[in-house]
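Colleague: This is the structure, below, for whatever I ask next.
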Number of protein chains: 2
Amino acid sequence: MDDKILLAHGSGGRLSHDLIRKQMVKTFSNPVLNKLDDSAVFELHGRIAFTTDSYVVSPIFFPGGDIGKLAVCGTVNDLSMSGAVPMYLALSLILEEGFPMTDLETILQSIEKTSREAGAFIVTGDTKVVNKGCADKIFITTSGVGIVSEKTDISSANCKPGDKILLSGTIGDHGIALMSRREGIRFETSLQSDCAPLNRLVQEMVASSDLVKALRDPTRGGLAATLNEFAENSRVGIRIHEDRIPIHPEVHAACELMGFDPLYVANEGKLVAVVSAQDAENLIRIMQENRYGAKSSIIGEVVAEHPGKVVMKTTLGTSRIVDMITGELLPRIC
Amino acid sequence: MDDKILLAHGSGGRLSHDLIRKQMVKTFSNPVLNKLDDSAVFELHGRIAFTTDSYVVSPIFFPGGDIGKLAVCGTVNDLSMSGAVPMYLALSLILEEGFPMTDLETILQSIEKTSREAGAFIVTGDTKVVNKGCADKIFITTSGVGIVSEKTDISSANCKPGDKILLSGTIGDHGIALMSRREGIRFETSLQSDCAPLNRLVQEMVASSDLVKALRDPTRGGLAATLNEFAENSRVGIRIHEDRIPIHPEVHAACELMGFDPLYVANEGKLVAVVSAQDAENLIRIMQENRYGAKSSIIGEVVAEHPGKVVMKTTLGTSRIVDMITGELLPRIC
């Protein structure tokens with residue numbers, strides 16, 4: 001029975017204890033984690049960023065990543081979008097009884113590799129096991145803390161008319177790559193999820209400019225949700241230009257086929273930045289030098305008109321309001 | 001359909017947005033949360049404690065609490081067991097499609113009330129929704145950060161022979177209260193879960209003594225797991241005395257009936273402290289003045305013999321090794 005997760009792995013008894021020592025500590029070993037107290041304790045001084053996200057993606061392995069990589073990238077990116085340097089991560093697993101131990105090992109390895117790339121340490125965690133049928137395989141909640149420098153002031157409420165909207169690459173890759181592997185809608189594509197930790201890209205941007213005002217990663221709800229949040233939280237209008245938004249041909253084709261709008265499809269390795277116009281070209285150059293920002297472009301601007309609303313100039317020359325999605329395009333995309 | 005959780009409440013679109021603004025921000029309103037950026041940002045200086053736990057308890061409403069109260073108490077208590085003052089909490093929800101909105105509201109109110117009692121703020125969060133049948137109603141992951149004073153050095157690795165073992169009250173109340181409501185094993189009892197935030201109790205202890213060496217709340221795995229963790233992490237022996245361990249008569253009766261050992265039954269409002277012998281009586285007096293420590297007692301001592309093992313002197317005068325549990329007594333107890 002060593003090859004499956006049992007309810008007893010969540011009991012707090014011997015099997016829980018062995019799972020923590022033999023899997024977690026072995027994989028993530030560091031001085032803070034290895035103390036195995038109820039909390040991780042470390043020194044930090046200054047402005048702290050703190051975030052949490054649960055990951056319920058299905059399937060758990062997908063082209064370009066898995067739920068473990070996603071869980072680290074998502075939380076590292078949420079910290080980064082506040083201008084923080086990610087430092088410490090906490091990992092909470094909910095496992096379904098019968099989950100294969102080898103899959104757990106693969107996911108933990110992926111978490112380790114991604115957190116190492118991001119330079120963040122897994123310092124504390126928890127594992128719960130629920131009866132078969134009470135959860136779908138594995139859910140991961142990743143929380144993180146990071147440090148924000150004193151001079152950084154990044155918030156979705158900071159956008160001002162005249163600012164430029166920067167996007168770090170193609171949109172929709174994560175959602176369409178995932179969908180290509182879903183039961184019932186499998187189609188052939190070489191497309192990979194863009195799932196990536198964006199902390200170094202953000203650090204390079206923030207180090208070279210004091211004029212980055214807002215940052216957000218357009219995950220669930222896509223680019224449309226992110227831009228609407230900027231417009232609402234800053235009470236400004238946002239105008240984007242359809243012909244400037246990079247879209248991978250395979251994403252374009254898949255969206256055409258299935259009637260999706262790529263503006264609403266999730267990304268897991270892209271960011272949207274609102275920056276002062278005077279620094280926009282400079283920032284695009286800096287972003288393009290990072291592997292995760294190679295296709296960065298200026299896709300629009302903040303305007304005084306239509307506050308709270310996002311308007312897109314289409315390739316046909318017309319204007320269209322881009323609202324948040326009201327239904328659900330792709331359940332369990334992250 | 002306003003009365004049920006829909007997949008679209010987890011879409012990142014309009015319904016997610018409304019759920020966050022109308023439920024979360026309304027219930028937990030505070031300046032850090034209300035910014036609604038990807039991370040909460042606040043000032044902290046010094047030694048930081050950081051913890052996370054997922055809560056999958058079934059049933060979600062039980063005598064003496066619910067999954068929301070439990071999720072706050074568990075995380076507040078994990079911070080407290082490192083000697084930290086809990087400051088900020090992050091809340092991540094995984095909801096099953098169709099979950100009643102009124103139950104969610106009740107749980108959020110309970111979270112708000114408990115975090116207010118503990119003096120901690122909910123500053124960030126996440127909500128995911130999975131298809132019906134892919135989770136059981138609601139899972140909550142609560143993460144927390146707190147401040148540890150410079151002089152505090154509390155760790156399960158600090159126990160030394162001669163130290164005393166203090167327990168803050170009766171054991172097994174949470175597990176048995178929960179079990180009394182489980183399908184198939186319902187029995188009549190007035191017993192309530194002991195679920196409670198212990199931060200003030202710990203702060204009173206730490207403020208009055210520098211000789212608190214280790215603290216832990218005996219949740220899953222019960223008192224037995226906690227004492228074994230102390231023995232293993234400090235490489236010492238632990239001896240406890242059965243006749244000094246307070247047990248509620250109803251817990252005793254239920255354990256007799258079902259063949260459970262109360263040493264393995266979960267608690268959610270108790271702590272075990274390892275303290276220098278010279279301060280033990282003083283600390284017991286301080287603990288007894290707090291409502292959550294009224295029945296505190298000295299239940300044993302750290303010994304040089306049998307390192308890594310816990311031995312109990314029984315009421316019959318015999319000695320018995322108390323190991324961690326190897327199976328699973330009560331799945332989904334927390």
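The values are calculated or read from the model by the stated rules, or taken from the named source; none is laboratory data. Given the structure is predicted, the values throughout are model-derived calculations rather than measurements. As a convention, Cβ positions derive from the backbone with ideal geometry for all residues, glycine included, and neighbour counts pool all protein chains shown.
Colleague: Counting only residues that are more than 19 Å from B:Glu305 (Cβ to Cβ) and within 18 Å of the chain's Cα centre (by Cα), how many does the stretch B:215-255 have?
Modeller: 11
Colleague: Moving on to the next point. Which residues, taken from the stretch A:121-140, are without any contact (Cβ under 8 Å) to a residue 60 or more places away in the chain and either more than 7 Å from chain B (Cβ to nearest Cβ) or of a type in the set (S, T, N, Q) (or both)? Spell out how you get there, then give the answer.
Modeller: Start the filter on the stretch A:121-140 by keeping residues that are without any contact (Cβ under 8 Å) to a residue 60 or more places away in the chain, which leaves A:126, A:132-135.
Matches in the stretch A:121-140: A:Lys132, A:Gly133.
Colleague: With respect to A:Ser296, determine if the residue is over 30 Å from A:Arg332 (Cβ atoms), surrounded by 15 or more Cβ atoms within 10 Å (Cβ to Cβ) and of a type in the set (Gly, Ala, Ser).
Modeller: For A:Ser296, the condition - over 30 Å from A:Arg332 (Cβ atoms), surrounded by 15 or more Cβ atoms within 10 Å (Cβ to Cβ) and of a type in the set (Gly, Ala, Ser) - is not met.
Colleague: Sticking with this structure for a sec: For the stretch A:281-294, check the following and say yes or no: at least one residue is outside any helix (DSSP H, G or I) and closer than 19 Å to B:Arg14 by Cβ.
Modeller: Within the stretch A:281-294, none of the residues are outside any helix (DSSP H, G or I) and closer than 19 Å to B:Arg14 by Cβ.
Colleague: Of everything in the stretch A:1-31, what is aliphatic (A, V, I, L, M) and buried (at least 18 other Cβ atoms within 10 Å of the Cβ)? Give them in sequence order.
Modeller: Once the filter is applied, which keeps residues that are aliphatic (A, V, I, L, M) and buried (at least 18 other Cβ atoms within 10 Å of the Cβ), the stretch A:1-31 yields A:Ile5, A:Leu6, A:Leu7, A:Ala8, A:Leu15, A:Leu19, A:Met24.
Colleague: For the stretch A:198-209, check the following and say yes or no: at least one residue is more than 30 Å from A:Ala304 (Cα to Cα), touching a Ser or Thr at 6+ places or on another chain (Cβ under 6 Å), among the polar types (S, T, N, Q) and modelled with pLDDT under 95.
Modeller: No - not one qualifying residue is present in the stretch A:198-209.
Colleague: A follow-up question, please. I'd like to verify a number: residues in the stretch A:141-183 that are more than 30 Å from A:Ala207 (Cβ to Cβ), away from chain B (no Cβ under 13 Å) and part of a loop (DSSP other than H, G, I, E, B), how many?
Modeller: 2
Colleague: Under the condition of being in a helix (DSSP H, G or I) and surrounded by 20 or more Cβ atoms within 10 Å (Cβ to Cβ), which residue from the stretch A:256-278 is nearest to the other protein chains (Cβ to nearest Cβ)? Break it down into steps so the answer makes sense when it comes.
Modeller: Taking the stretch A:256-278 first, the residues in a helix (DSSP H, G or I) are A:256-258, A:262-264, A:277-278.
Okay, now just the ones that are also surrounded by 20 or more Cβ atoms within 10 Å (Cβ to Cβ), so A:262-264.
Details: A:Pro262: 15, A:Leu263: 11, A:Tyr264: 7 Å.
Among those that are in a helix (DSSP H, G or I) and surrounded by 20 or more Cβ atoms within 10 Å (Cβ to Cβ), it is A:Tyr264.
Colleague: Further question: Considering only the stretch A:197-215, I want to know if a residue exists there that is over 30 Å from A:Phe99 (Cβ atoms), in contact (Cβ under 8 Å) with a residue 40 or more places away in the chain, in contact with a Phe, Trp or Tyr (Cβ under 7 Å, 6 or more places away or on another chain) and in a helix (DSSP H, G or I).
Modeller: For the stretch A:197-215, residues over 30 Å from A:Phe99 (Cβ atoms), in contact (Cβ under 8 Å) with a residue 40 or more places away in the chain, in contact with a Phe, Trp or Tyr (Cβ under 7 Å, 6 or more places away or on another chain) and in a helix (DSSP H, G or I): present.
Colleague: State yes or no: is A:Thr314 away from every other protein chain (no Cβ under 14 Å), among the hydroxyl-bearing types (Ser, Thr, Tyr) and in contact (Cβ under 8 Å) with a residue 12 or more places away in the chain?
Modeller: Working: away from every other protein chain (no Cβ under 14 Å): yes; among the hydroxyl-bearing types (Ser, Thr, Tyr): yes; in contact (Cβ under 8 Å) with a residue 12 or more places away in the chain: yes.
Yes: the conditions hold for A:Thr314.
Colleague: Can you give me the number of residues within the stretch A:38-65 that are of a type in the set (Asp, Glu) and surrounded by 24 or more Cβ atoms within 10 Å (Cβ to Cβ)?
Modeller: Final tally of qualifying residues: 2.
Colleague: State which residue is farthest from the chain's Cα centre (by Cα) when the search covers only the stretch A:8-54 and only residues that are at the interface with another protein chain (Cβ under 9 Å from one of its Cβ atoms) and in a helix (DSSP H, G or I).
Modeller: A:Arg14
Colleague: Looking at (1) away from every other protein chain (no Cβ under 14 Å); (2) at pLDDT 95 or above, which is the only condition A:Arg186 fails?
Modeller: Failed condition: (2).
Colleague: Closer than 20 Å to B:Ser39 by Cα, in contact (Cβ under 8 Å) with a residue 12 or more places away in the chain, of a type in the set (Asp, Glu) and in the same structural domain as A:Gly293 (by TED's automatic domain parsing): does that describe A:Glu229?
Modeller: Here the answer is yes, as A:Glu229 does meet what is asked.
Colleague: Counting just the residues of the stretch A:66-105 that are among the polar types (S, T, N, Q) and within 22 Å of B:Cys134 (Cα to Cα), which one comes out farthest from the other protein chains (Cβ to nearest Cβ)?
Modeller: Restricting to residues being among the polar types (S, T, N, Q) and within 22 Å of B:Cys134 (Cα to Cα), the top hit is A:Thr102.
Colleague: Tell me whether the stretch A:81-97 contains one or more residues that are small (Gly, Ala, Ser), outside any strand (DSSP E or B) and crowded, with 24+ Cβ neighbours inside 10 Å.
Modeller: yes
Colleague: Same structure again: From the list A:Glu281, A:Glu250, A:Glu268, A:Glu256, which residue is modelled with pLDDT of 95 or more and out of contact with any Gly (no Cβ under 8 Å at 6 or more places or on another chain)?
Modeller: Among A:Glu281, A:Glu250, A:Glu268, A:Glu256, only A:Glu281 is modelled with pLDDT of 95 or more and out of contact with any Gly (no Cβ under 8 Å at 6 or more places or on another chain).
Colleague: Check the stretch A:110-133 and report whether any residue there is small (Gly, Ala, Ser), assigned to a loop (DSSP other than H, G, I, E, B), over 17 Å from the mean Cα position of the chain (by Cα) and over 20 Å from A:Phe50 (Cβ atoms).
Modeller: yes
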